[in-house]
Every structure is written in C-alpha cells, then in structure tokens.
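Read the structure below first, then the notes.
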Amino acid sequence: VALTTTTGKDDVYWLTYWSCYSLLFIAMDCLENYIGVRGFYSLCLCATVYLFLPMFKGAEAVFRNVLVPLSGQYENMLLRDAQIVRQEMERKIPARMRANALSKAASLFATSATSTSKDASASSKVTSEAIPPASDVSSEAVSEASQKRSRLPKLFRKKTE
C-alpha cells in the first residue's frame, strides 16, 4: 500500500515501523530463552500493536529515543525535522508573506544557535548565506499579529467558562 501512494509520508511511517519491529524481534528472540514469564508473548503482541497503530506513534517514539541515539544520527534527524517544518511553512503561509516568514525563521534559528553555543557561529554563517536576513516588517503584518494575540485570551475564556 505504501508503495502505491504519491507522498512519502507513509513510506517513512512504515520504514520506521519495520526498523523498530526488527529491534523488538531481536530483543524478543534473545529474551525468550532467559525469561520464563507467563504472558511473554502477550507482552510482545502488545508492544507490536503499540508500534504499528498510528494513534500511539510508538514506532516514531522508539525510533527517536532508541534507534537514533544508538546510531549517532541525532543531528541528521534534527535537520530532517527542520526541513519538514520549512515545507509546512511553505505550504501554509501565503506566497506574498512566505519570503519574509522564512527569513524570520532562519534568523530565529541563527539567533538561538549563537546564544546557546559558541560553536554555532559557523552554522549561523551558513544559515545567513542560504537565506537573507529579515527585512523591515510591514505595519500591516504587525497589526494583524497583535489583533490575533488580543483575540486569543477572549477565545480561551469562552472555552473555560
């Protein structure tokens, strides 16, 4: 099914699942000889269900918290997540505001990186070369953002009352 779709999202989901399932299978194979606990296979079945059901996102949790640190690919995972965020921003932000929003996001990443680490100067240099810094923000965009902020507490009060 995953091979017949045009998006790669489900491909990543199932690849992550099978990677985590193989880890579970290896652990189960090693432990079944040493653990004579009643219900061991029921526990393995529950773990398998946790991995493949999308409502739990178990495969993603195991992948991010176990497999990525074991393989030393944490930086690559963060770069992939940043790329996904960029694609989501490009999809959701109107075209006329996209360049300004992306440059603000890039400057935010560069600013937070330089404030947390001295080694980030090289990465901020690369970021600033790839995406130009944010230009002046229009007063229209500022007023629109402040109106959204001022409406937020009203909406929150309506839900809680």
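The values are calculated or read from the model by the stated rules, or taken from the named source; none is laboratory data. Every value quoted in this text rests on a predicted model; they were computed, and no experiment measured them. Positions of Cβ are generated from backbone atoms using ideal geometry, with glycine treated the same way; all protein chains shown enter the neighbour counts. Side chains included, ligands, DNA and RNA excluded: accessible areas come from the protein's heavy atoms. Shrake-Rupley method; radii C 1.70, N 1.55, O 1.52, S 1.80 Å.
Miscellaneous remarks
Rundown of residues vs (1) among the aliphatic types (A, V, I, L, M); (2) touching a Phe, Trp or Tyr at 6+ places or on another chain (Cβ under 6 Å), yes/no style:
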site: D11; (1), (2): no, no
site: S19; (1), (2): no, no
site: Y41; (1), (2): no, no
site: F52; (1), (2): no, yes
site: F56; (1), (2): no, yes
site: A59; (1), (2): yes, yes
site: F63; (1), (2): no, no
site: V66; (1), (2): yes, no
site: Q73; (1), (2): no, no
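- Of residues in region 35-66 being open to solvent by 90 Å² or more (accessible area, probe 1.4 Å) and not in a helix (DSSP H, G or I), the one modelled with the lowest pLDDT: V37
- Lone unmet requirement of (1) surrounded by 14 or more Cβ atoms within 10 Å (Cβ to Cβ); (2) within 24 Å of the chain's Cα centre (by Cα) for G8: (1)
- Residue within region 20-34 that is at pLDDT below 90, open to solvent by less than 60 Å² (accessible area, probe 1.4 Å) and farther than 20 Å from R64 by Cβ present: yes
- Looking only at residues in region 67-83 that are farther than 14 Å from F109 by Cβ and within 11 Å of the chain's Cα centre (by Cα), the one that is surrounded by the fewest Cβ atoms within 10 Å (Cβ to Cβ) is R80.
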